[in-house]
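Working notes, structure below.
The values are calculated or read from the model by the stated rules, or taken from the named source; none is laboratory data. No experiment lies behind these values; they were computed from the predicted model shown. Here the Cβ positions follow ideal geometry from the backbone for every residue, glycine too, while neighbour counts run over all protein chains shown.
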Amino acid sequence: MRNPGAYDALREGVRSGQDAEGHVERVILETMRNRPVIPVVGRRVQVPWRLGDFGVPAGAPISVSVLLVHHREDVYPDPFAYRPTAGSNGEAARRRPLASPAAGPAGTRAGGERS
């Protein structure tokens, strides 16, 4: 077991009945942040666009590392630590642990393609 302390806290939180769903949700979200099932998301650009100084032509493949996004030190203090309790003080809402810049606006893919 990688994190016996986190397991013990989860077990006790669930057994106590106080915010059991919250305990489970925080463990699931932190696990997905720390060890994403899909570490890289790839797309093919549908229309040309610019990212800062870089031009990306239509048809170009792009990819975003979900793993790297979820381990940014400017977003996650101590990003390689496993801390499921971090979300209990509202930190999870601020961090948006599952947000991915590769997805684009809701219902679209990178480059504006509708999903």
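Scanning the stretch 1-41 for residues that are in contact (Cβ under 8 Å) with a residue 12 or more places away in the chain and loosely packed, with under 11 Cβ neighbours inside 10 Å, which turns out farthest from residue 75 (Cα to Cα)? Ranking the candidates gives 2 first.
Please tell me if residue 72 is farther than 23 Å from residue 9 by Cα and either at pLDDT below 55 or touching a helix residue (DSSP H, G or I) at 6+ places or on another chain (Cβ under 6 Å) (or both). Answer is no for this residue. Of 33, 50, all but one fail to be outside any loop (DSSP other than H, G, I, E, B), among the basic types (Lys, Arg) and either in contact with a helix residue (DSSP H, G or I) (Cβ under 9 Å, 6 or more places away or on another chain) or under 30 Å from residue 80 (Cα atoms) (or both); the exception is 33.
For the stretch 11-53, the set of residues classified as of a type outside the set (S, T, N, Q) and farther than 29 Å from residue 65 by Cα consists of 11, 12, 13, 14, 15, 17, 19, 20, 21, listed by residue number.
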